[in-house]
1. Estimate the FRET efficiency between Lys152 and Arg70 by the formula 1/(1 + (r/R0)^6), using the beta-carbon distance for r and 35 Å for R0, to the nearest 0.05.
2. With Cβ to Cβ distances under 13 Å as the rule, what net charge do the other residues near Arg77 carry (K, R +1; D, E -1)?
3. Take Tyr86, project a point 7 Å from its Cα along the Cβ direction, then tell me which residues of the range 137-174 have their backbone nitrogen under 13 Å from it.
4. Leaving ligands and nucleic acids out of the surface, order Ser154, Ser161 by accessible area at 1.4 Å, largest first.
5. According to a simple spin-label model (label point 7 Å from Cα along Cα-to-Cβ), what is the distance in nm between Ala21 and Arg77?
6. How far apart, in nm, are the 7 Å Cα→Cβ label points at Asp30 and Thr176?
Amino acid sequence: MSNNYSIFTSDLDNWADPQKACLFSVNFYDSTGYNYRYTGEDNQFYPFRVDLPQQQNTLAKRWYFGTYRRDVINSDRGGSTSIEFYLRCNGQLNLKLFQFLGVPIGGEFLDEEQRLKHVEFNKRFDKIEIISRDNTFEGGNIYTLYNCNVEKVSMTTMDASSDDILKLTASITYDTFDVYPSEEGKYRDD
């Protein structure tokens, strides 16, 4: 008796259709309910790299029918992600990006006394959606991060011996996340 099962004839085990990491967009939602979509035609800057969220499981080792086994006792879906942007030659576009991320700039410091004040870093988003697409742009996944706070904004080092592009990295913490399948233009109802 022969076994006719093959991974090449099974849809469940056929891993020959990988999803590309470069087909994505990012939506930011602030506390007033406005939707900022920074991959559309109306906006001036685009994230080029985003770290997907992670889940950390806590395991407990227990005695079970004469042997040990590990069981999940808690799942932590909170964490942090990094979103990277290219800095632009047009300084006004960079100022818009800094303001969006909560960095105090320009006219916010009017005199020497104000420069010495501690302007608290306070930028929060209700949620951030990372939308990954398949090769046809008709499907994919939506990774939604909830209660997001900008924790750190850092820029790359300038180096006269290099021709690298300057980047800005925003480290953002979130309390939890979820993942849903999506179709382009048909997002999940909240």
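1. Efficiency, from the Cβ-Cβ distance: 0.55.
2. Working: positive: none; negative: Asp76, Asp175, Asp178.
With Lys, Arg at +1 and Asp, Glu at -1, the neighbours total -3.
3. Inside the label zone: 164-168.
4. Of Ser154, Ser161, the descending order of accessible area is Ser161, Ser154.
5. Those two pseudo-labels are separated by 2.4 nm.
6. Reported label-point gap for Asp30 and Thr176 is 2.6 nm.
The values are calculated or read from the model by the stated rules, or taken from the named source; none is laboratory data. Fair warning: this is a prediction, and the values are worked out from it, not measured in the lab. A quick note on method: Cβ atoms are made from the backbone with ideal geometry, for glycine too, and the neighbour counts reach across all protein chains shown. Remember, those area values only see protein heavy atoms, side chains included, never the ligands or the DNA or RNA. Shrake-Rupley method; radii C 1.70, N 1.55, O 1.52, S 1.80 Å.
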